[in-house]
Amino acid sequence: EVQLVESGGGLVQPGGSLRLSCAASGFTHSWYWMAWVRQAPGKGLEWVANIKQDGSEKYYVDSVKGRFAISRDNAENSLSLQMNSVTADDTALYFCGRWRTEPYGIDVWGQGTTVTVSS
Amino acid sequence: QTVVTQEPSFSVSPGGTVTLTCGLSSGSVSTTSYPSWYQQTPGQAPRALVFSTNTRSSGVPDRFSGSILGNKAALTITGAQADDESDYYCVLYMGSGIWMFGGGTKLTVL
């Protein structure tokens with residue numbers, strides 16, 4: 001079964017750091033771009049970051065550039081999101097997604113992990 | 001900054017047809033915007049419906065179809081059912097590796 005399972009969410013203070021992880025199973029992780037998408041409470045979806053199959057290309061939404069870092073370990077079939085200097089605006093449910101190409105879109109989603117930024 | 005626009009809400013009668021749109025606050029959506037569409041019910045992860053304008057995701061019934069209508073991407077739902085009542089999101093390629101979701105459309109079936 002193709003599956004993505006996020007972990008690492010929790011309560012973090014403003015200015016603090018948190019590392020999210022996403023474990024992939026049921027498919028060859030190294031064949032796919034991967035992505036993080038978030039959803040603030042009661043709000044819509046927001047694309048956060050993408051990473052190419054070999055990690056050579058990474059893209060971020062402007063609001064997290066310089067603070068968040070996406071990475072992957074293809075040997076471990078895992079995806080990560082290092083979150084630094086977090087603010088209340090980063091409070092959200094963070095989804096990991098398998099980003100297919102041709103045709104483009106996220107075809108597999110995890111269930112999400114919740115990040116709450118609060119003092 | 002250009003943003004992706006969607007109708008905040010829409011309603012359709014059971015058995016009816018509805019077309020949701022996905023546009024840009026400045027400019028036109030085309031096939032090279034690679035629009036994709038997602039359905040989300042409360043408390044659940046999104047579910048992929050359509051990729052790259054009009055390719056249905058595996059298992060999605062043909063009641064759901066994607067297209068370009070004028071200068072927008074469109075998702076048409078025919079024969080609306082009660083369980084189609086959800087939030088619908090589109091995402092567009094903005095260039096330079098950047099993607100952007102629309103604000104979502106809350107669809108009511110009544």
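The values are calculated or read from the model by the stated rules, or taken from the named source; none is laboratory data. This one's a predicted model, so the numbers in the text were calculated from it and none came from an experiment. Ideal geometry is used to build each Cβ from the backbone, glycine not excepted, and the neighbour counts take in all protein chains shown.
Below is a table of values for the structure above.
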| quantity | calculated |
| --- | --- |
| Residue in region A:92-111 that is among the acidic types (D, E) and touching a residue at least 12 places away in the same chain (Cβ under 8 Å) present | no |
| Enumerated strands (runs of 3 or more DSSP E) restricted to region A:41-119, each holding at least 3 residues that are surrounded by 18 or more Cβ atoms within 10 Å (Cβ to Cβ) | A:45-51, A:68-73, A:78-83, A:92-100, A:105-109, A:113-117 |
| Flag for A:V61 being under 18 Å from B:R47 (Cβ atoms) and within 14 Å of another protein chain (Cβ to nearest Cβ) | no |
| Looking only at region B:38-52, and only at residues there that are at the interface with another protein chain (Cβ under 8 Å from one of its Cβ atoms) and in contact with a Leu (Cβ under 7 Å, 6 or more places away or on another chain), the one that is farthest from B:K72 (Cα to Cα) | B:P46 |
| Tabulated pairs, region B:80-95, first under 15 Å from A:I106 (Cβ atoms), second among the basic types (K, R) and at pLDDT 95 or above, C-beta under 9 angstrom, 6+ apart or interchain | B:Y88/B:K106 |
| Number of positions in region B:31-59 that are over 19 Å from A:E46 (Cα atoms), within 14 Å of the chain's Cα centre (by Cα) and assigned to a loop (DSSP other than H, G, I, E, B) | 3 |
| Members of region B:14-33 that are loosely packed, with under 11 Cβ neighbours inside 10 Å, over 15 Å from B:V91 (Cα atoms) and either of a type in the set (A, V, I, L, M) or without any contact (Cβ under 8 Å) to a residue 60 or more places away in the chain (or both) | B:S26 |
| Qualifying residue in region B:32-45 (condition: more than 19 Å from A:V37 (Cα to Cα) and touching a helix residue (DSSP H, G or I) at 6+ places or on another chain (Cβ under 9 Å)) | no |
| Lone qualifier among B:S28, B:S11 - being closer than 19 Å to B:F101 by Cβ, more than 13 Å from chain A (Cβ to nearest Cβ) and either modelled with pLDDT of 95 or more or in a strand (DSSP E or B) (or both) | B:S28 |
